[in-house]
Amino acid sequence: MNQVKKNRIHSVDALRGFALAGIVIAHVLEQFLAAFPTDEMKAVMFSGPVDYIVDTFSFWIIRGKFFALFSLLFGLSFFIQMDNAEKSGLNYKTRYLWRLLVLLGIGVVHNSFYSGDILVIYVLFGFLLIPFHSVSNKVVLALAVILFLGGGRFLSYGIFGNESIIALNIENFNEKYMAAITGGSLFEVWRMNFISMIGKFNFQMGVLGRGYLTFAFFLLGMWIGRTRLLENLQANTTLLKKIILWSFVGTLAMIPLFWYMFSQMESIFDFTSWWSMFALSAYDNFNFFFTIFLAAGFVYLFELPKMQKTLSCFAPYGRMALTNYVFQSLIGTFLFFNWGLGFLGQFRNIELLIIAFLIIGVQMIISWYWLKKFKYGPIEWLWRSLTYLKVQPFRISRPHPEAVNL
């Protein structure tokens, strides 16, 4: 049983690393802009046929899928922490609340460099997970399904239309934001990114509905933990194969649906009708089914002896996911923004993809070496120490050579 649990944790770490790799690719291809590229940037990004291939690969494989996979694992981690605490006879809810507040602080600092930060959003929806810990599986799954089908978006559109939920009363904000990252100082970037947190809330809770999907994946991850699906994968191989099959079928079914619905709109960015709301939800469900396909497929392959050794390279990367997530943003914004090297808009898509692979590769190597000497990544250690308000053991203790000889 201990071996099963050990393998399960290892596979989840590897899956988290795989999810983070996809997020890095998405962010680098966007050049950490957290906004639409200008026409001048597009002219450079799409300089040849291979660049269009990279963009097509990003659309079908990367965008909207790996953030979802990361969110799924956040919900699963929440369940694991709560479950372990209950098995030890502890009430972990208060500590988990404090743990989220510490993560909020880390997220605010991270957001000051990169306005596309997801940690702040994770904290806000993480608070909502606490009361749901005591809710039945049926209710958890039912709410997740409603949100996946677009319930949150439809409610938002019904109340607010396509207007912003919170007004960002700054004239020409987008122009000022671009001016800060292309010609401003680090302080100016911090200032604009702090203000942009209001826009982040609108993106998450408005008609685009990213926040509703994030919380739905949180709930689904918690539900998966409750079903103990990952605790004995060998006994659940048949179920896992069915999930892979039906998620693939769902993916294929959603493609013509969302494609047709968007084709009937005058513009794919015209979110001013109920038709457009359903079109967005159809696309979100394409991403949902493909995310489940990726997750189930990865876990299934991980259980194959020939594949486990290869896929295990993602495990150290996943164990240090928070550190790697923050540092890839620092690297990326330094590379592209004016406060650093200022290369924004100067790379083709294929070059950006190569840069993403380089960042992933370097971080994977560093993570592997780091965890040979330390129990946690540096930010994970800081988070854990602040959570318990006590400095946690950091270095891996080695047995004294003389003790080994005895």
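Provide the FRET efficiency to the nearest 0.05 for the Leu245-Thr310 pair, computing r from the beta carbons and using R0 = 22 Å. FRET efficiency, Leu245 to Thr310: 0.40.
Using the charge dipole of the chain (Lys, Arg: +1 at Cβ; Asp, Glu: -1 at Cβ; taken about the Cα centre), state which of Tyr114, Phe173, Phe127 has its Cα farthest towards the positive end. After comparing all options, I get Phe127. Per the Kirkwood formula applied to alpha carbons, the range 211-336 shows a radius of gyration over Rh ratio, Rg over Rh, of 1.06. Can you list which of the GluC sites (Glu not before Pro) found in the range 150-245 are DSSP loop residues with at most 10 other C-beta atoms within 10 Å? When the GluC sites (Glu not before Pro) of the range 150-245 are filtered for loop state and at most 10 Cβ neighbours within 10 Å, Glu171 remain. Between Ala295, Ala142, Ala279, the residue with the greatest mean-square fluctuation in the GNM of the chain (Cα pairs under 10 Å linked by springs) is Ala142. Of the residues Asp83, Asp39, Asp55, ranked by 1.4 Å probe accessible area with the largest first, the sequence reads Asp39, Asp55, Asp83. For Gln392, the residues 5 or more places off, or on other chains, whose built amide H falls under 5 Å of its own are Ser385. GNM, the chain, Cα, under 10 Å: largest mean-square fluctuation among Ala34, Ala235, Ala68? Maximum fluctuation in the GNM of the chain, among the listed residues, is at Ala235. Carbon and sulfur together cover what percent of the accessible area of the range 197-300 at a 1.4 Å probe radius? Carbon and sulfur: 71 percent of the exposed surface of the range 197-300.
Placing dummy labels 7 Å off each Cα toward the beta-carbon, the span from Ile165 to Leu90 is 3.3 nm. Label sites at Val109 and Ile53, each approximated as a point 7 angstrom past Cα along Cα to Cβ, lie 4.2 nm apart. Charging the Cβ of each Asp and Glu at -1 and of each Lys and Arg at +1, and nothing else, the dipole of the chain about its Cα centre rounds to 1960 debye. Between Glu266 and Lys42, the C-beta separation translates, for a Förster distance of 22 Å, into a calculated FRET efficiency of about 0.55. Ranking of Ile292, Ile146 by solvent-accessible surface, largest first: Ile146, Ile292 (1.4 Å probe, protein heavy atoms only, all chains present).
Where does the charge balance sit around Tyr157 when Lys and Arg score +1, Asp and Glu -1, over other residues with C-beta under 15 Å from its C-beta? Once all neighbours under 15 Å are counted, the net charge is -1. Summing Lys and Arg as +1 and Asp and Glu as -1 over all other residues whose Cβ lies under 14 Å from the Cβ of Phe288 gives a net charge of +3. Spatial offset of the range 243-311 relative to the range 63-117 amounts to 25 Å, using the alpha carbon center of each. Summing charges over neighbours of Ser276, with a neighbour being any other residue whose Cβ is under 12 Å away from its Cβ, gives -1 when K and R count +1 and D and E count -1. Calculated mean residue ellipticity, 222 nm, the chain: -24000 deg cm²/dmol, from DSSP H runs (n ≥ 4) at -39500 (n - 2.57) each, averaged per residue and rounded to 500. Legend: residues Trp190, Trp246, sorted from most to least accessible area (1.4 Å probe; ligands, DNA and RNA excluded), read Trp246, Trp190.
Overall dimensions of the chain, expressed as equivalent-ellipsoid semi-axes from the Cα gyration tensor (√(5λ), whole Å, largest first), are 33, 27, 23. Placing +1 on the Cβ of every Lys and Arg and -1 on the Cβ of every Asp and Glu, with nothing else charged, gives the range 212-335 a dipole about its Cα centre of roughly 640 debye.
Using the empirical formula 2.2 N^0.38 Å as the baseline, the Cα radius of gyration of the range 269-405 reaches a ratio of 1.48. To the nearest 0.05, what FRET efficiency results for Leu97 and Gln346 with a Förster distance of 51 Å applied to their C-beta separation? E between Leu97 and Gln346, to the nearest 0.05, is 0.70. For the range 310-318, backbone phi angles converted through the Karplus equation (6.51, -1.76, 1.60; θ = phi - 60°) give residue-by-residue couplings of 5, 6, 5, 5, 7, 5, x, 4, x Hz, Gly and Pro being listed as x.
The values are calculated or read from the model by the stated rules, or taken from the named source; none is laboratory data. Small disclaimer: the values here were computed from a predicted structure and weren't measured. Every residue, glycine among them, receives a Cβ derived from its backbone with ideal geometry; neighbour counts consider all protein chains shown. The protein model used for the area step is the full one, side chains on, heavy atoms only, and it has no ligands, DNA or RNA in it. Shrake-Rupley method; radii C 1.70, N 1.55, O 1.52, S 1.80 Å.
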